Amino acid sequence: MLELKAEPLTPEAFAPFGDVIDTRTANYFHINAGRTRRYHDLAKVETLGEQARALISIFVSQPVSLPLELDFLERHPQGSQAFMPLHAERFVIVVAPPGDSIDPGEVRAFVTDGRQGVNYRAGTWHAIQSVLEREGEFLVVDRGGEGNNCDEHPLALRITL
């Protein structure tokens, strides 16, 4: 079993896997007569394929126990997948670079501070939604359309904070 200690989520550490979505580190400009700050283009939405479209959903996830034990990672080869907590929910992220297989030496674990979201690049291996402390609601942006867009790879993991 691969054992990982989740590290704090930073844009630099997460860059090989996608984007960190966090208004505290992003640039903005004012709109709506100066009453609104727009944090523009925080993540690249990828939708590969002729019939592809972007989907916006809400996921409600039950909290996990620590240490977190997982038996697989999944990937979405035809599109990115973004998760943004709606109520400051902290969550654990487990990722591995895109590819047909997973090198255990390249698997990483992160923990958010509750105000950060992530956008997994197309094909990035990742764990299922793993919210801490309480039920979590997440705004999710991902790909809809024809074709298989979810692969699973068996891998025994134990994650601690």
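At-a-glance table
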| read-out | value |
| --- | --- |
| Residue, farthest from ARG158 (Cα to Cα), within segment 24-42, restricted to residues that are in contact with a strand residue (DSSP E or B) (Cβ under 8 Å, 6 or more places away or on another chain) and either β-branched (Val, Ile, Thr) or open to solvent by less than 50 Å² (accessible area, probe 1.4 Å) (or both) | ILE31 |
| Test: ARG143 is in contact (Cβ under 8 Å) with a residue 60 or more places away in the chain and in a loop (DSSP other than H, G, I, E, B) | no |
| In segment 86-98, the residues that are assigned to a loop (DSSP other than H, G, I, E, B) and in contact with a strand residue (DSSP E or B) (Cβ under 8 Å, 6 or more places away or on another chain) | LEU86, HIS87, GLU89, ARG90, PRO97, PRO98 |
| Positions within segment 62-80 being within 19 Å of PHE138 (Cα to Cα), buried (at least 19 other Cβ atoms within 10 Å of the Cβ) and over 15 Å from the mean Cα position of the chain (by Cα), in sequence order | VAL64 |
| Which listed residue, of PHE83, PHE59, PHE138, PHE110, is open to solvent by 30 Å² or more (accessible area, probe 1.4 Å), among the aromatic types (Phe, Trp, Tyr) and part of a strand (DSSP E or B) | PHE59 |
| Selection count, segment 113-135, where residues are of a type in the set (Lys, Arg) and crowded, with 16+ Cβ neighbours inside 10 Å | 1 |
| Qualifying positions in segment 141-161 - of a type in the set (S, T, N, Q) and surrounded by fewer than 16 Cβ atoms within 10 Å (Cβ to Cβ) | ASN148, THR160 |
| Search result, residues across segment 10-41 that are part of a loop (DSSP other than H, G, I, E, B), hydrophobic (A, V, I, L, M, F, W, C) and at pLDDT below 95 | ALA26, ALA33 |
| Criterion: over 20 Å from ALA88 (Cα atoms), in contact with a Phe, Trp or Tyr (Cβ under 8 Å, 6 or more places away or on another chain) and surrounded by 10 or more Cβ atoms within 10 Å (Cβ to Cβ) - qualifying residue of GLY18, GLY49 | GLY18 |
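The values are calculated or read from the model by the stated rules, or taken from the named source; none is laboratory data. All of these numbers come straight from a predicted model, not from anything done at the bench. Don't worry about glycine lacking a Cβ; one is built from the backbone with ideal geometry, like all the others, and counts go over all protein chains shown. Surface areas here come from the heavy atoms of the whole protein model, side chains and all, with no ligands, DNA or RNA. Shrake-Rupley method; radii C 1.70, N 1.55, O 1.52, S 1.80 Å.
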